[in-house]
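Asks: Before anything else, here's the structure in question.
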Amino acid sequence: MEFFQNLVTTFNFILQGVWVTIGVTAVALAVGLVFGVTMAMARVYGNPFLQTVAAIYSVIVRAVPVVVIIFILFFVIARFVNLSPFWAGSLALGFASGAYQSEIFRGAFRAVPPGQMIAARAIGMSKLQAIQSIILPQAARLALPAWGNEATLVLKDSTLVFVVGVPEILRRAQQVSARTLEPFLAFSVAMLLYLVLTLLTTQILQWFERRYRLQM
Amino acid sequence: MSSTAIAPILRIENIHKSFGKTRVLTGFSLTVQPQEVVVLVGPSGSGKSTLLRCINLLSPPDSGRIWLEEQEITAPGVNPDKVRQRIGMVFQDFNLFNHLTALGNVMIGLMKVRKMPKKEAHDLAMFELERVGLVDRAYHYPAQLSGGQKQRVAIARALGMDPHIMLFDEPTSALDPELTGEVLEVMQQLAREGMTMIVVSHEMGFARQVASRVVFMEGGVVVEEGPPAQMFEQPLHERTRAFLRKISDMDSGGR
Amino acid sequence: MKKQIRMWMLLIAALLALSACTAVQPTGQQPGAASAEGSGKLAQIKAAGKIVVGTSADYPPYESIDADGNFVGFDMDLIRAIGERLGVEVEIVDMPFDSLIAAVQEGKIDAVIAAMQATAERDEKVDFTIPYRMTKDAFAAAQDSTLVMEKPEDAAGHSIGVQTGTVQERWVQDNLVATGLTPADLVFSYERADQAALDVANGRIELLLMDAEPAMELAKQTGLKILLITESTAEGGKSIAIPEGADDLKAELDRIIQEMLDDGTIQKIQEAHGLP
Amino acid sequence: MESFLQLLHNAVPSLLQGTGVTLQIAAISLLLGMALGLPVGVGRVYGPRWLQHLLAAYITLFQGTPLLIQLFLVYYGLPDLGLTLDRMPAAFLTLGLNSGAYQAEYLRGALQSVGEGQMTAARAIGMGKWLAVRTIILPQALRLVLPAWSNEAIAMLKYTAVVFLIAVPDLMGQAKILSSRYFAPIPIYMIVAVFYIVLVGATYLILRQLERRFHIPGLTGEAH
């Protein structure tokens with residue numbers, strides 16, 4: 001009976017972190033998407049300078065643990081703007097994800113047949129127009145499976161922002177376990193909630209994939 | 001086995017095989033004598049490949065019985081791995097082991113299945129490669145061989161197991177026309193050496209020259225069988241005649 | 001291959017240069033500039049109508065989080081009372097203890113209240129108010145521990161846990177490790193004090209050194225026993241940390257704290273949280 | 001600049017120590033993950049139905065939840081059930097179990113891409129199922145899985161950076177201690193980033209050599 005009560009308390013307490021986790025993940029993915037697509041475009045269609053910048057970003061960020069990037073950016077961002085841990089952590093996570101997403105979109109851009117670009121230019125589109133209305137829509141569909149995979153990775157990596165004090169699932173689990181002194185219960189509940197989140201995300205992404213699959 | 005020449009090496013009796021709702025073999029029977037070369041023809045989907053897979057128990061028949069050298073191999077308790085060692089099989093798409101050289105492909109069965117020491121396996125494998133004329137390609141990987149060479153290695157691999165009967169499942173149909181000759185030559189030589197063979201093939205030239213018997217099957221049963229001369233000149237059934245005419249045309253047209 | 005190696009070298013060189021640049025910035029700040037910027041701190045806070053205060057809510061009875069996720073504890077009530085007298089709202093931000101000083105430095109938060117002691121080293125980076133409470137440290141061990149301690153140095157040679165970035169961590173490093181009394185690999189720096197306490201309870205480490213009152217509170221919760229309460233590992237008292245050069249803010253906070261010490265407000269809050 | 005050199009001078013010795021710990025954890029966890037991922041991956045493809053489901057559950061659990069929670073559950077949670085692991089074994093176990101799930105999935109993909117024909121041909125020369133898996137399928141799958149495995153090795157190197165949260169003095173743990181000691185988080189974490197870049201870069205180059213050494217013409221998985 002006492003166990004049951006503990007379970008309910010713990011569950012309710014951690015549950016409030018779910019929205020924070022979802023929020024961090026969504027912001028990070030969106031930021032990463034902007035960074036990723038921009039950098040991938042620079043990498044594939046940019047001049048040598050842009051290509052180098054994008055390549056360095058991708059290589060460096062992917063060679064450093066996400067948690068280190070979060071720590072660095074948390075303090076760097078703080079130097080310029082006053083953001084809450086939630087925003088600072090999400091932005092840092094997004095910056096890291098951007099490097100991985102840039103690789104995904106680079107691959108997708110490359111997989112669009114070169115004839116598409118030539119054909120678009122032939123009907124008088126500018127390079128940017130061609131990318132925007134011909135290449136990007138195709139690349140986005142090609143990128144979807146890998147992007148979905150990255151989305152679940154970011155969802156899981158969002159626990160890392162707990163190091164800068166964002167009250168997401170893990171942080172709340174830790175807080176409740178510090179009070180109830182039942183860490184096994186607290187972290188099991190956190191794990192379960194995460195499992196539900198990732199499985200749900202996977203399902204949604206698979207639905208998207210089926211819906212927008214491109215026959216090529 | 002050699003004491004009585006009359007004893008058949010293979011006897012298939014009324015076998016059935018279905019995949020889901022598709023009935024592929026519907027009471028097939030066939031008897032093969034030692035040193036016979038049986039060429040199996042028939043339209044696609046007539047169950048030829050399935051039949052070969054039934055014979056070496058890669059996909060055992062649903063019902064019916066098969067005897068190999070007077071042992072019933074469809075009986076319960078028979079170890080299919082032991083049976084397969086006596087039956088060599090050559091596939092349409094070669095299925096060479098991609099991570100092994102030509103030599104390695106022949107050796108691996110000798111060492112792992114026949115438990116030969118490495119040295120002995122090496123020598124025997126080299127001997128088999130010589131039989132198919134590929135000693136100079138012994139250390140090449142499959143990806144570095146032509147289709148015809150791959151198929152000859154596959155034959156050498158099967159021969160290494162010292163089979164009593166060889167099954168060929170359209171051995172030349174995945175090959176460019178100019179490469180079929182080298183494979184057929186090896187097969188012809190095997191036939192001359194007295195190997196019992198069941199060959200699924202539409203190579204009519206080969207059938208005419210080498211086959212002791214041509215079997216026409218359709219709908220999972222034998223429609224008609226006979227020596228090549230009879231089958232090609234005056235088949236009894238209209239369906240056989242139509243089919244053979246069609247592939248003869250294709251044959252000559254292709255050249 | 002060679003090209004790749006060269007590229008890596010280039011990257012690394014660039015990064016090192018970059019980190020060198022960033023290193024100079026915070027320490028190289030002009031004192032004049034800093035104080036000019038800080039002189040408006042109090043005005044800024046008043047204008048914003050709120051003061052953002054960082055804490056590390058893992059330290060009952062000073063600061064922790066209750067069942068509803070509210071910040072509770074002595075420090076929390078104190079800072080709220082101070083906020084009232086300042087006439088601004090108090091926004092509390094929870095972060096790891098070892099990030100607090102940096103967060104003040106970087107201007108992420110206006111102040112830190114986290115049972116923090118004003119050490120000379122920290123004083124180089126931030127400013128401190130007058131102490132609002134003098135403290136002691138405590139060594140805790142598992143209930144079945146046979147260890148007897150009469151002075152802090154008796155901890156020598158035993159595995160010990162401390163919280164990252166605390167004065168206690170510093171004390172252990174300087175007085176036990178640097179002197180060769182305890183091998184460095186027997187000292188474990190924890191993100192959170194309660195985790196260190198759990199590890200003592202689980203038998204993974206023998207000792208825990210932290211502030212006395214939270215130690216007693218954690219000891220009660222996790223079934224530890226206190227071996228020694230001492231003043232000699234602690235220097236000074238607990239103060240609020242604020243950005244360097246925020247002189248107006250310091251003056252105002254000092255005034256309020258002195259007032260609260262004098263009129264017994266702090267005593268009252270202490271008692272409400274069971275602190276002597 | 002001078003203060004930076006001073007900082008570097010103070011930081012490098014402990015960071016080198018931390019690097020040793022990081023490498024040790026990464027290597028042992030990776031090997032543990034391999035020892036686990038190999039049978040799990042094979043069992044996932046060739047095992048009996050019930051085993052396949054069981055292994056799938058293991059993989060889902062470890063792939064579907066964050067490593068950090070797994071680590072906390074193992075380190076802080078298991079003592080509740082009477083299993084108290086020391087910090088290093090806890091790190092090895094958690095990272096090993098986690099990596100095992102990923103390695104199993106990579107291997108499963110590789111096993112499935114080897115192609116039916118290889119199994120059929122192996123069975124046709126009289127090999128039993130397990131003999132065929134061992135001598136024909138697995139050697140090919142392991143070569144196919146090598147690139148994915150290299151990625152996993154690098155990922156592992158980076159994921160070790162969370163073990164400081166159970167007070168392991170790895171590279172990141174040392175960084176935390178240093179950054180609060182010298183109140184210089186940005187430069188310290190930048191230096192640590194450089195350390196990780198060197199580690200990851202070196203690992204990458206070594207693994208590339210390894211891949212080249214084990215390369216077999218035509219064995220790329222695309223052949224099928």
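Nothing in this text is a laboratory measurement; each read-out follows from the coordinates by a stated rule. None of these values were measured; they are calculated from a predicted model. Glycine gets a Cβ as well: all are built from the backbone with ideal geometry, and neighbour counts include every protein chain shown.
Asks: When only Cα pairs under 8 Å and 6 or more residues apart are kept, what is the percent relative contact order across the stretch B:1-114?
Replies: Averaging sequence separation for qualifying contacts and normalising by length gives 24 percent for the stretch B:1-114.
Asks: To the nearest whole number, what is the average tally of beta carbon atoms from other chains within 10 Å of the beta carbons of peptide B:107-120?
Replies: On the way: counts 0, 7, 8, 1, 1, 10, 8, 2, 0, 0, 0, 0, 0, 0.
Mean number of neighbouring Cβ atoms from other chains: 3.
Asks: Need one word for chain C: rounded, prolate or oblate. Basis is the Cα gyration tensor (sqrt eigenvalues a ≥ b ≥ c); a/c below 1.5 gives rounded, then a/b vs b/c decides. Could the numbers behind the result be given before it?
Replies: Details: a/c = 1.90, a/b = 1.03, b/c = 1.84.
Oblate shape, in that a/c is at least 1.5 and b/c is the bigger or equal ratio.
Asks: Show me A:48-58, A:88-98 ranked by packing, highest mean number of other Cβ atoms within 10 Å first. All intermediate terms of the calculation are to be shown ahead of the outcome.
Replies: Values: A:48-58: 15.4, A:88-98: 25.5.
Descending packing order for the listed peptides: A:88-98, A:48-58.
Asks: Output ³J(HN,Hα) for the stretch B:134-149: one whole-Hz value per residue in order, computed from phi by the Karplus curve 6.51 cos²θ - 1.76 cosθ + 1.60 with θ = phi - 60°, and x for Gly and Pro.
Replies: 3J(HN,Hα) across the stretch B:134-149, in whole Hz: 10, 4, 6, 10, 4, 9, 8, 7, x, 5, 9, 10, 6, x, x, 5.
Asks: Further, regarding this structure: Counting Lys and Arg as +1 and Asp and Glu as -1, each charge on the Cβ, what is the dipole of the stretch B:1-85 about the Cα centre in debye, to the nearest 20?
Replies: On the way: 9 positive and 7 negative charges, 80 e Å.
Rounded to the nearest 20 debye, it is 380 debye.
Asks: Can you give the average number of partner chain beta-carbon atoms within 10 Å of each beta-carbon in peptide C:217-226, as a whole number? Please report the intermediate quantities before stating the final value.
Replies: Details: counts 0, 2, 0, 0, 4, 2, 1, 0, 0, 0.
Shielding by partners across C:217-226 averages 1.
Asks: Let me ask something additional. Only helical DSSP H runs with n ≥ 4 go in: add -39500 (n - 2.57) per run for chain B, normalise by residue count and round the 222 nm mean residue ellipticity to 500 deg cm²/dmol. It would help to have the intermediate numbers written out before the result.
Replies: Numbers: 9 runs with 99 residues, N = 255.
Taking each H run of at least 4 residues, the total per residue is -12000 deg cm²/dmol.
Asks: Now a separate question. Which lysines does C:Lys46 reach when only Cα atoms under 19 Å apart count, and residues fewer than 8 places away in its own chain are ignored?
Replies: C:Lys108, C:Lys250
Asks: Using the Cβ atoms and a cut-off under 14 Å, what net charge is assigned to the surroundings of B:Asn79, where Lys and Arg are +1 and Asp and Glu are -1? Write out the running numbers ahead of the final one.
Replies: Values: positive: B:Lys82, B:Arg84, B:Arg86, D:Arg123, D:Lys129; negative: B:Glu72, B:Asp81.
Residues near B:Asn79 contribute +3 overall.
Asks: Let's see if you can work this out: charge +1 on each Lys and Arg Cβ, -1 on each Asp and Glu Cβ, no other charges. What is the dipole magnitude of chain C about its Cα centre, in debye to the nearest 20? If you can, show how the numbers build up before the last one.
Replies: Details: 23 positive and 44 negative charges, 213 e Å.
Value, rounded to 20: 1020 debye.
Asks: Enumerate by residue number the GluC sites (Glu not before Pro) in the stretch B:175-229 meeting two conditions: DSSP loop (anything except H, G, I, E, B), and at most 15 other Cβ atoms within 10 Å of the site's Cβ. Provide the component values of the computation, followed by the final result.
Replies: On the way: sites: B:Glu178, B:Glu182, B:Glu185, B:Glu193, B:Glu203, B:Glu218, B:Glu224, B:Glu225; in loops: B:Glu193, B:Glu203.
Sparse-neighbourhood loop GluC sites (Glu not before Pro): B:Glu193.
Asks: Using the alpha-carbon centroid of each, what span in Å lies between the stretch C:120-194 and the stretch D:52-93?
Replies: With the stretch C:120-194 and the stretch D:52-93 each reduced to a Cα centre, they are spaced 30 Å.
Asks: Further question: Would you mind getting me the FRET efficiency between C:Asp263 and D:Ala57? Use the beta-carbon distance for r and R0 = 56 Å, nearest 0.05.
Replies: Working: r = 63 Å, r/R0 = 1.13.
After rounding to 0.05, the efficiency reads 0.30.
Asks: Out of all Cα-Cα pairs in the stretch B:30-167, roughly what percent, to the nearest whole number, are more than 21 Å apart? If you can, show how the numbers build up before the last one.
Replies: Details: 4433 of 9453 pairs.
So the pairs more than 21 Å apart make up 47 percent of the total in the stretch B:30-167.
Asks: Go ahead and collect, in residue order, the members of the stretch A:132-160 whose backbone nitrogen is under 14 Å from a label point 7 Å along the Cα-Cβ direction of A:Gln116.
Replies: A:132-145, by backbone N distance to the label point.
Asks: Among all the aspartates and glutamates, which ones have a C-alpha under 12 Å from C:Lys136's C-alpha, if same-chain residues fewer than 8 places away are not counted?
Replies: C:Asp211, C:Glu213, C:Glu231, C:Glu235
Asks: Taking the Cα centre of the stretch D:84-136 as origin, work out the dipole magnitude from +1 charges on Lys and Arg Cβ and -1 charges on Asp and Glu Cβ, in debye rounded to 20. The partial results should precede the final answer.
Replies: On the way: 5 positive and 3 negative charges, 33 e Å.
The calculated dipole for the stretch D:84-136 is roughly 160 debye.
Asks: Ignore the peptide's own chain and count Cβ atoms of other chains within 10 Å of each Cβ in C:103-111; give me the average, rounded. Numbers along the way, then the final one.
Replies: Numbers: counts 7, 1, 6, 10, 5, 12, 2, 0, 0.
Mean inter-chain Cβ contacts per residue within 10 Å come to 5.
Asks: For a quick check, take a GNM of chain D with Cα springs below 10 Å and name the residue from D:Val42, D:Val194, D:Val21 with the largest mean-square fluctuation.
Replies: Between D:Val42, D:Val194, D:Val21, it is D:Val194 that shows the largest mean-square fluctuation.
Asks: While we're looking at this one, here's another question. Considering only C-alpha atoms, what is the centroid distance from the stretch A:182-216 to the stretch D:146-223, in Å?
Replies: Spelled out, the Cα-based centre of one part sits 27 Å from the other.
Asks: Sticking with this one: Of the cross-linked pairs C:Lys268/D:Lys176; C:Lys238/C:Lys268; C:Lys151/C:Lys268, which ones have a Cα-Cα span greater than 26 Å in the structure shown?
Replies: Result: C:Lys268/D:Lys176; C:Lys151/C:Lys268 exceed 26 Å.
Asks: For a quick check: with amide H placed at 1.01 Å from N, whose amide H comes under 5 Å from D:Ala167's, ignoring anything fewer than 5 positions away on the same chain?
Replies: C:Glu191
Asks: Rounded to whole Å, give me the distance from the Cα center of the stretch C:210-237 to that of the stretch B:204-219.
Replies: 95
Asks: With helices defined as uninterrupted DSSP H runs, which ones in chain A have an alpha carbon span along their own long axis of at least 20 Å and mean Kyte-Doolittle hydropathy of at least 1.6? Let's see the in-between values first.
Replies: Values: long enough: A:2-45 (63 Å, 1.35); A:48-63 (22 Å, 1.32); A:66-80 (21 Å, 3.14); A:85-111 (38 Å, 0.38); A:136-157 (28 Å, 0.21); A:183-212 (43 Å, 0.99).
Helices meeting the criterion: A:66-80.
Asks: Okay, next question. Enumerate the lysines that B:Lys118 could reach by cross-link, defined here as Cα to Cα under 29 Å, with residues fewer than 8 away along the same chain left out.
Replies: List returned: B:Lys82, B:Lys150, D:Lys129.
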